[in-house]
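A.B. asks: Here you go, one structure.
The values are calculated or read from the model by the stated rules, or taken from the named source; none is laboratory data. Nothing here was measured: the structure is a model prediction, and the numbers come from that model. A quick note on method: Cβ atoms are made from the backbone with ideal geometry, for glycine too, and the neighbour counts reach across all protein chains shown.
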Amino acid sequence: MEMQFEAFRSQLEESGAVRERIRAVISELDNVVRVMQASLLPVHHATTQQAAKEVLNKAKSYIPQLQKLYSQLAEIIRDRPGQYYRYHDHWRNQTHTVVFLLSFVHWLDTQLLLSHSEVETLLGVKPEEFSIDIEDYLIGLCNISSELPRYVVNRVTAGDYECPRQVSAFLSDLFSAFRILNLRNDLLRKRFDGLKYDLKKVEEVLYDVKIRGLLSNQAAPKPMES
Amino acid sequence: MELQEDVGGRAFGKKPRTMGISPVQTSSHEMSPLHAKFQEIGRELDVMNEKRERLVKASRDVTIHSKKVIFAVHRISALNKAATLEQAERDLNAVRNNQVTRLARELQGNDYWKFRRAFSPGMQEFVEAATTVEFVKNGRLLTLEELNRSFFDIKDAAKQPFEVSIPDYILGVGDLTGELMRLAVSGVAAGQPGAATAVCIMIRGLYEGFSMLPALHENLRDWRMKSDTMLQSLVKVETACYNVHVRGSEYPPEMLAGDFEYSGDDQS
């Protein structure tokens, strides 16, 4: 009996050491994520396309660091096949933010949604080795939605009256896409429930712009009718 | 079960509509690429949630049947020991071959730790039942290795052997102390003062073993609660031993029974 507990002790301590190693990577990841997020903030008040481009490039310049840290996580997990979810909690929150940052930058760049596999490609992780949990990806997407109302307000203030239409089209598309999913009563569901308020705010801005005749082309198709 | 299949049916029913490749299906309603991707994600989530539901159900079945085994062990008396024990072992084997096997078949690869929360309660209860039976039969602790060896023909969905994890084993053994305490108290009450001593040695060993383990990260709250309960059980059994020791000589054996029946009720 004593021997067994001794064996448990060493195995649990080893698992604790794994957690320590993961925590060390995560605290570095925290730093990168924070700086990357801060570097992206000026996009709200970039006045020229050039300035916005520079902000995006600055934000993108952190991606290699993210790749490095995720490859370190992958390396730790590689020695423990099947135990990804044993330690998943350690990188969950950070991954939400990482997905948010990557997909927000991607959207600002291309007006398109970054797919799950594109996130994995950008982070340089191999799905069979260290995948990004699908729910983490979806929660990250919900975070873009909460950033967009602020972005729209600032763009309009800066005189970009087309922005609300784009954002509203994108967000309503995203919203209706989320409605395809059968969500459980969990964090993701809670985040999804917030999406409609973001959409509402964006639509209000669109309405303000439209009713004052600020939109250049009134004949453009209304995105809400999708 | 009916409901689950219905959900599954709907999810898969979407499939042809969502693939969106055949022109016939897309002509009426053009689907944005975003929607197509989310259809795919939706199917993935459905499959995952249905699996989780099935695991929760399987885990509950393991719990129910394991509990029955434990209750049966508590009904053991000097008269029916051999027969009841044999029955308990047979029932335990049935749980292993039916409910646990069904549970294991849902899992593969990363699933074990992903869905652990769904099936862990059942496995803990099974550990508790198996270790209780072993203690009553042989007066020793069934080790995790022995337990996993008894699972030799249980395979997961990837044909890999299914095993009980260390945290589940430890938490199950934590519950075992509660059962042992009950066995000791009822044993003393039934006029077998020796029962308390054997149990006391066992729980003490377990408690000492537990004390040197680092906290279980996977179940921090359970871990703390169980460590506390364990100490309480140990104190109860030690008190019973003390009572037998101090007062045992004052009473003829037939009076001992009455005395401990009372103190057993009082403490549990």
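A.B. asks: Can you give me the ranges of the helices (runs of 4 or more DSSP H) entirely in the stretch A:109-226 with at least 2 residues that are within 12 Å of chain B (Cβ to nearest Cβ) and of a type in the set (S, T, Y)? I'd like the intermediate steps shown before the answer.
C.D. replies: Details: elements: A:116-123, A:134-157, A:163-179, A:187-211.
So the answer is A:163-179.
A.B. asks: So which of A:P149, A:P127, A:P164 ends up being closer than 25 Å to A:D89 by Cβ and either crowded, with 21+ Cβ neighbours inside 10 Å or free of Cβ contacts under 8 Å to residues at least 60 places away in the same chain (or both)?
C.D. replies: Details: A:P149 fails: closer than 25 Å to A:D89 by Cβ; A:P164 fails: closer than 25 Å to A:D89 by Cβ.
Exactly one of A:P149, A:P127, A:P164 is closer than 25 Å to A:D89 by Cβ and either crowded, with 21+ Cβ neighbours inside 10 Å or free of Cβ contacts under 8 Å to residues at least 60 places away in the same chain (or both), namely A:P127.
A.B. asks: Could you check, for the stretch A:52-59, whether at least one of its residues is more than 14 Å from chain B (Cβ to nearest Cβ) and of a type in the set (K, R)? I'd like the intermediate steps shown before the answer.
C.D. replies: Taking the stretch A:52-59 as the starting set, the residues that turn out to be more than 14 Å from chain B (Cβ to nearest Cβ) are A:52-59.
Those left that are additionally of a type in the set (K, R): A:53, A:58.
Yes: the stretch A:52-59 contains one or more residues that are more than 14 Å from chain B (Cβ to nearest Cβ) and of a type in the set (K, R).
A.B. asks: Here is a further query. From the list B:G205, B:G187, B:G194, exactly one residue is surrounded by fewer than 17 Cβ atoms within 10 Å (Cβ to Cβ) and more than 14 Å from every other protein chain (Cβ to nearest Cβ). Which is it?
C.D. replies: Only one candidate qualifies: B:G194.
A.B. asks: Moving on to the next point. Answer yes or no as to whether A:A177 is outside the structural domain of A:D79 (by TED's automatic domain parsing), touching a His at 6+ places or on another chain (Cβ under 6 Å) and closer than 23 Å to B:P33 by Cα.
C.D. replies: Numbers: outside the structural domain of A:D79 (by TED's automatic domain parsing): yes; touching a His at 6+ places or on another chain (Cβ under 6 Å): yes; closer than 23 Å to B:P33 by Cα: yes.
When the stated conditions are applied, A:A177 passes them.
A.B. asks: Taking the stretch B:131-145, which residues are surrounded by fewer than 16 Cβ atoms within 10 Å (Cβ to Cβ) and within 10 Å of chain A (Cβ to nearest Cβ)? Steps first, answer last, please.
C.D. replies: First, the residues of the stretch B:131-145 that are surrounded by fewer than 16 Cβ atoms within 10 Å (Cβ to Cβ): B:138-140, B:145.
B:R140, B:E145 - these are the residues of the stretch B:131-145 that are surrounded by fewer than 16 Cβ atoms within 10 Å (Cβ to Cβ) and within 10 Å of chain A (Cβ to nearest Cβ).
A.B. asks: Considering only the stretch B:166-253, give the helices (runs of 4 or more DSSP H) lying wholly within it that have at least 2 residues that are hydroxyl-bearing (S, T, Y) and more than 20 Å from B:I70 (Cα to Cα).
C.D. replies: Those helices (runs of 4 or more DSSP H) span B:193-211, B:220-247.
A.B. asks: Return yes when B:T84 is more than 10 Å from chain A (Cβ to nearest Cβ), of a type in the set (S, T, Y) and closer than 30 Å to A:D89 by Cα and no when it is not. Even if it seems obvious, please write down each step before you answer.
C.D. replies: Working: more than 10 Å from chain A (Cβ to nearest Cβ): yes; of a type in the set (S, T, Y): yes; closer than 30 Å to A:D89 by Cα: no.
For B:T84, the condition - more than 10 Å from chain A (Cβ to nearest Cβ), of a type in the set (S, T, Y) and closer than 30 Å to A:D89 by Cα - is not met.
A.B. asks: Please go through the stretch B:124-180 and pick out each residue that is at pLDDT below 95, under 17 Å from B:N98 (Cα atoms) and touching a Lys or Arg at 6+ places or on another chain (Cβ under 8 Å).
C.D. replies: Answer for the stretch B:124-180, where residues must be at pLDDT below 95, under 17 Å from B:N98 (Cα atoms) and touching a Lys or Arg at 6+ places or on another chain (Cβ under 8 Å): B:S150, B:F151, B:I154, B:K155, B:D156, B:A157, B:P161, B:F162.
A.B. asks: Would you mind finding the one in A:R92, A:R80 that is farther than 21 Å from A:L141 by Cα and either surrounded by 20 or more Cβ atoms within 10 Å (Cβ to Cβ) or not small (G, A, S) (or both)? Break it down into steps so the answer makes sense when it comes.
C.D. replies: On the way: A:R92 fails: farther than 21 Å from A:L141 by Cα.
Of the residues listed, the single one that is farther than 21 Å from A:L141 by Cα and either surrounded by 20 or more Cβ atoms within 10 Å (Cβ to Cβ) or not small (G, A, S) (or both) is A:R80.
A.B. asks: Looking for something within 27 Å of B:M48 (Cβ to Cβ) and either in a loop (DSSP other than H, G, I, E, B) or not acidic (D, E) (or both) - is there at least one such residue anywhere in the stretch A:50-66? Reasoning before the result, please.
C.D. replies: Within the stretch A:50-66, the first condition is being within 27 Å of B:M48 (Cβ to Cβ), and the residues that meet it are A:66.
So of that shortlist, the ones also either in a loop (DSSP other than H, G, I, E, B) or not acidic (D, E) (or both) come out as A:66.
Yes, the stretch A:50-66 contains a residue that is within 27 Å of B:M48 (Cβ to Cβ) and either in a loop (DSSP other than H, G, I, E, B) or not acidic (D, E) (or both).
A.B. asks: May I ask you to say which residue of A:I76, A:I63, A:I22 is touching a residue at least 24 places away in the same chain (Cβ under 8 Å), away from every other protein chain (no Cβ under 14 Å), touching a helix residue (DSSP H, G or I) at 6+ places or on another chain (Cβ under 6 Å) and among the hydrophobic types (A, V, I, L, M, F, W, C)? Step through it out loud before you land on a result.
C.D. replies: Details: A:I63 fails: touching a helix residue (DSSP H, G or I) at 6+ places or on another chain (Cβ under 6 Å); A:I22 fails: away from every other protein chain (no Cβ under 14 Å).
From the options A:I76, A:I63, A:I22, the qualifying one is A:I76.
A.B. asks: Residues of the stretch B:67-105 being farther than 19 Å from B:D175 by Cα, surrounded by fewer than 16 Cβ atoms within 10 Å (Cβ to Cβ) and touching a Ser or Thr at 6+ places or on another chain (Cβ under 9 Å), which ones?
C.D. replies: B:S77, B:N93 - these are the residues of the stretch B:67-105 that are farther than 19 Å from B:D175 by Cα, surrounded by fewer than 16 Cβ atoms within 10 Å (Cβ to Cβ) and touching a Ser or Thr at 6+ places or on another chain (Cβ under 9 Å).
A.B. asks: Keeping to the stretch A:17-41, report how many residues are of a type in the set (G, A, S) and surrounded by 14 or more Cβ atoms within 10 Å (Cβ to Cβ).
C.D. replies: Taking the stretch A:17-41 as the starting set, the residues that turn out to be of a type in the set (G, A, S) are A:17, A:24, A:27, A:38-39.
When the remaining residues are screened for being surrounded by 14 or more Cβ atoms within 10 Å (Cβ to Cβ), the result is A:39.
Residues in the stretch A:17-41 being of a type in the set (G, A, S) and surrounded by 14 or more Cβ atoms within 10 Å (Cβ to Cβ): 1 in total.
A.B. asks: For the stretch B:61-79, how many residues meet the condition of being more than 13 Å from B:V136 (Cα to Cα) and outside any helix (DSSP H, G or I)?
C.D. replies: 1
A.B. asks: What are the pairs with Cβ atoms under 8 angstrom where one residue, in the stretch B:105-123, is at the interface with chain A (Cβ under 7 Å from one of its Cβ atoms) and in contact (Cβ under 8 Å) with a residue 12 or more places away in the chain and the other, located anywhere, is crowded, with 19+ Cβ neighbours inside 10 Å and acidic (D, E)? Sequence gap at least six, or different chains.
C.D. replies: If the second residue must be crowded, with 19+ Cβ neighbours inside 10 Å and acidic (D, E), the pairs left are B:Y112/B:D156.
A.B. asks: Take the conditions touching a helix residue (DSSP H, G or I) at 6+ places or on another chain (Cβ under 8 Å), crowded, with 17+ Cβ neighbours inside 10 Å and under 28 Å from B:E53 (Cβ atoms) and apply them to A:F170. Does it pass? Steps first, answer last, please.
C.D. replies: Values: touching a helix residue (DSSP H, G or I) at 6+ places or on another chain (Cβ under 8 Å): yes; crowded, with 17+ Cβ neighbours inside 10 Å: yes; under 28 Å from B:E53 (Cβ atoms): no.
Considered against the rule, which asks whether it is touching a helix residue (DSSP H, G or I) at 6+ places or on another chain (Cβ under 8 Å), crowded, with 17+ Cβ neighbours inside 10 Å and under 28 Å from B:E53 (Cβ atoms), A:F170 comes out as no.
A.B. asks: Restricting to the stretch B:148-161, name every residue that is within 12 Å of another protein chain (Cβ to nearest Cβ) and in contact with a helix residue (DSSP H, G or I) (Cβ under 6 Å, 6 or more places away or on another chain).
C.D. replies: B:D156
A.B. asks: Go through the stretch B:150-196 and count every residue that is under 22 Å from A:Q11 (Cα atoms), out of contact with any Asp or Glu (no Cβ under 7 Å at 6 or more places or on another chain) and among the small types (G, A, S).
C.D. replies: Summing the residues that are under 22 Å from A:Q11 (Cα atoms), out of contact with any Asp or Glu (no Cβ under 7 Å at 6 or more places or on another chain) and among the small types (G, A, S) in the stretch B:150-196 gives 3.
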